[in-house]
Every structure is written in C-alpha cells, then in structure tokens.
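The values are calculated or read from the model by the stated rules, or taken from the named source; none is laboratory data. All of these numbers come straight from a predicted model, not from anything done at the bench. Note: ideal-geometry Cβ built from the backbone for every residue, glycine included; neighbour counts use all protein chains shown.
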Amino acid sequence: MSDTKTAEKKPSQANLLHPDNREHSHSVCWNCEKKIGDEDVCPSCVRVQPFGPERDYYSILGLPARLTLDPRLLVAAYHEKSRTFHPDHHVEDSEKEQTIALGNASLVNLAFRTLRDPFLRAHYFIGHVKGEPARPNRKAVLSSSDLMEIMDLKEERDALLASQGPAVAEQRLRAVIDPIEQEIYHSFEEIDALVDGSEDGREKLSKALATLSERLEKRAYLQNLLKEIREAS
C-alpha cells in the first residue's frame, strides 16, 4: 500500500524540469539555525546560504531547465546572482560567510559558462533529464560507425594539410560540422516540447535525446580535429 502511494505522488519528469515545481530540500540556516528551503539568503538573519548538492545549474540561476534559453534572461539571472554572492559584497562579513559566498560565486560562474554555450548546455540538459548528478563530469562516447567516419576524416584532413594547407583542411571539416550543428539547434525546440508533453511522449523524448547525444559526441570529436589544425598552424 505504501509503495503504491509513493508511486502516485512521484512527480513526472516534465514537472521536475520547472523550477517552481521541483521538490526543494529543507535545511537549517548555518547562522540562526532556523528551518529554510533552497533560499540563497536566509529570510530570518539575511545570511547567504551554501548551495546544496541537489542544486543544478538551472536552479542556481533560477531558470527553467530547457534547451532553448533566452540569452537576455540568462545574462540577467547571472548578474543578479553575481551581485548576491560577489566577494566584494561580503568583505565585512564573517570568514565563514565569505567562504560560502565565494563558493557560490564560483558555481554561479560555472553554471553561466555551461548554459551560455548551446552545446555545453545540451550535454548538461541530457544528463539533467536522465537524473544524473547536478554537476556531472561526463565523458564523450562515440558509436563504432561514427568512430570509423572520424578516423577516415582524420586521414583525409592530414592528406589535405600536406597537399593543400590548413585552410582547405579546415574547410573540409567545417562542411561536416556545420550541418551537424544545425541539426542540434533544430532539435532544441522539439525536445523542449516533448519535455512539456504528456507521459505518452516519453519514448519519443528518449529517442530524441539519444539522437542529440550522438550528434553532440560526434561534433566534439570533429571539433578536436579542427582544433589540431589551428594549433599546428
């Protein structure tokens, strides 16, 4: 009976991706010891609070967990959080509060750098939807067919470098990378719509995320080939 009730109360993945609907952990203020939620600043004693381990990059900046983000809202959220935690605003506070503010400021910067870049954001979003840790350290994994294609492109790149120079070799790689990046961009709104959809769309969402992940990994390898050209030039 208890298991059934638990299952009924479990929020859907779509709900978890909305900041207003996420389940907030409840903790105690380190200073006044009053019970608080995920507030950045204790409402009782007005002391900054450390980000809990469950705080992901989206919730740190107070943004909805989406692939498509308005750059203006992202920048505005970043500036607001930066003002709250910037070390210059806490020079007269206790050593502990300065340490908390500095740690939070670092995470705010990391969250902003991740969500500002559409490809880093997409990598992070995939892990977020899958329920991975709030601050994952993910490594790229390439399928065997894509790996063979990358190896062939690497050989072709090296031949072009030797015969026609870096500009031609880079142009050849860009001809492969650019369409992949366009496919990645075009998938953002589709996946966001699936996240907002019903439970019936779970299978479609899973497939769309798998396709997006494959494209991201392939792009990452191709970007490395491109980087090697520029470093050697």
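Yes or no, residue by residue, for (1) part of a helix (DSSP H, G or I); (2) of a type in the set (Phe, Trp, Tyr); (3) within 16 Å of PHE119 (Cα to Cα):
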site: LEU161; (1), (2), (3): yes, no, no
site: ALA167; (1), (2), (3): yes, no, no
site: ARG172; (1), (2), (3): yes, no, no
site: VAL176; (1), (2), (3): yes, no, no
site: TYR185; (1), (2), (3): yes, yes, yes
site: ILE191; (1), (2), (3): yes, no, yes
site: LEU205; (1), (2), (3): yes, no, no
site: ARG219; (1), (2), (3): yes, no, yes
Condition broken by PHE51, with the remaining ones in (1) within 28 Å of GLY197 (Cα to Cα); (2) assigned to a loop (DSSP other than H, G, I, E, B); (3) modelled with pLDDT under 95; (4) in contact with a helix residue (DSSP H, G or I) (Cβ under 6 Å, 6 or more places away or on another chain) satisfied:
(1)
Kindly establish whether LEU205 is within 21 Å of SER143 (Cβ to Cβ), of a type outside the set (Gly, Ala, Ser) and within 17 Å of the chain's Cα centre (by Cα).
no
Any idea which residue in the stretch 143-173 is modelled with the lowest pLDDT, counting only those that are within 29 Å of the chain's Cα centre (by Cα) and among the hydroxyl-bearing types (Ser, Thr, Tyr)?
SER143
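If the requirement is being modelled with pLDDT under 90, surrounded by fewer than 14 Cβ atoms within 10 Å (Cβ to Cβ) and closer than 29 Å to ARG55 by Cβ, which of these qualifies: GLU189, GLU199?
GLU199
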Every pair of residues 6+ apart whose Cβ atoms lie under 7 Å, when the first sits in the stretch 123-137 and is outside the structural domain of LEU110 (by TED's automatic domain parsing) and of a type in the set (Gly, Ala, Ser) while the second is surrounded by 12 or more Cβ atoms within 10 Å (Cβ to Cβ) and modelled with pLDDT of 75 or more
ALA134/GLU54; ALA134/ARG55; ALA134/ASP56
Candidates ALA169, ALA65, filtered to the one that is buried (at least 17 other Cβ atoms within 10 Å of the Cβ), small (Gly, Ala, Ser), in contact (Cβ under 8 Å) with a residue 40 or more places away in the chain and farther than 30 Å from ARG47 by Cβ:
ALA169
Got at least one residue in the stretch 111-128 being surrounded by 13 or more Cβ atoms within 10 Å (Cβ to Cβ), more than 17 Å from TYR221 (Cα to Cα), modelled with pLDDT of 95 or more and touching a Lys or Arg at 6+ places or on another chain (Cβ under 6 Å)?
yes
